[in-house]
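The values are calculated or read from the model by the stated rules, or taken from the named source; none is laboratory data. In this text, all values refer to a predicted model and were calculated from it rather than measured experimentally. A quick note on method: Cβ atoms are made from the backbone with ideal geometry, for glycine too, and the neighbour counts reach across all protein chains shown. Heavy atoms of the whole protein, side chains included, go into the accessibility calculation; ligands, DNA and RNA do not. Shrake-Rupley method; radii C 1.70, N 1.55, O 1.52, S 1.80 Å.
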Amino acid sequence: MGFMQRLKNGFVRLMYGRNGVDQLGMATVWTCLILDIVSMFLQRRAPVAGAVLYWAAMALWALAIFRMFSKNLYKRREENSRWMQLRWKFQSGRKSAKERHADKEHKYFTCKNCKTICRVPVGKGNVEITCPKCGAKIRGKT
Ligand SMILES: [Zn+2]
């Protein structure tokens, strides 16, 4: 067994039963990187703000690492799904028809009343959706 293979196996064993990197984890890491870079630029002009950002980034790094190695999967998944819902709320308006088509896990319905796009997980059979914006009922098959 080569060194890389052993390293990989060791990592797999280490991560077994742990949360690992989920979408919220990725978002946290990206935020850390951005905060780090901004704080670097700020350090000369505004040392106090730079330091605050630096420590905020450090705290987020700690949070990201904690979530990654956490064994409380239930709690971490809940956090992640809350994050995904929040992201979905921001993105739903901007998502293109092509992206929606590529999404095999959800079915999209357009409200006839206000043209809001509603997303429903597939495999629920015939459903009646209430439009979140205007309250109109949409019937569809998922
Ligand atoms: Zn509507």
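Residues in segment 126-140 include none that are more than 30 Å from Leu14 (Cα to Cα), assigned by TED's automatic domain parsing to the domain that holds Gly17 and among the hydroxyl-bearing types (Ser, Thr, Tyr). Condition check: exposed (fewer than 15 other Cβ atoms within 10 Å of the Cβ) and part of a helix (DSSP H, G or I). Does Arg76 satisfy that? No: the conditions fail for Arg76. A residue that is part of a loop (DSSP other than H, G, I, E, B) and open to solvent by 70 Å² or more (accessible area, probe 1.4 Å) occurs nowhere in segment 52-66.
Looking across segment 19-28, the residues that are open to solvent by 40 Å² or more (accessible area, probe 1.4 Å) and in contact with a helix residue (DSSP H, G or I) (Cβ under 8 Å, 6 or more places away or on another chain) come down to Val21, Gln23.
When segment 101-142 is filtered for residues that are part of a strand (DSSP E or B), near the ligand (Cβ under 10 Å from one of its atoms) and open to solvent by 40 Å² or more (accessible area, probe 1.4 Å), the ones remaining, listed by number, are Thr110, Ile117, Thr130, Lys137. The residues of segment 1-18 that are open to solvent by 80 Å² or more (accessible area, probe 1.4 Å) and not basic (Lys, Arg), listed by number, are Met1, Phe3, Met4, Gln5, Leu7, Phe11, Val12, Leu14, Tyr16.
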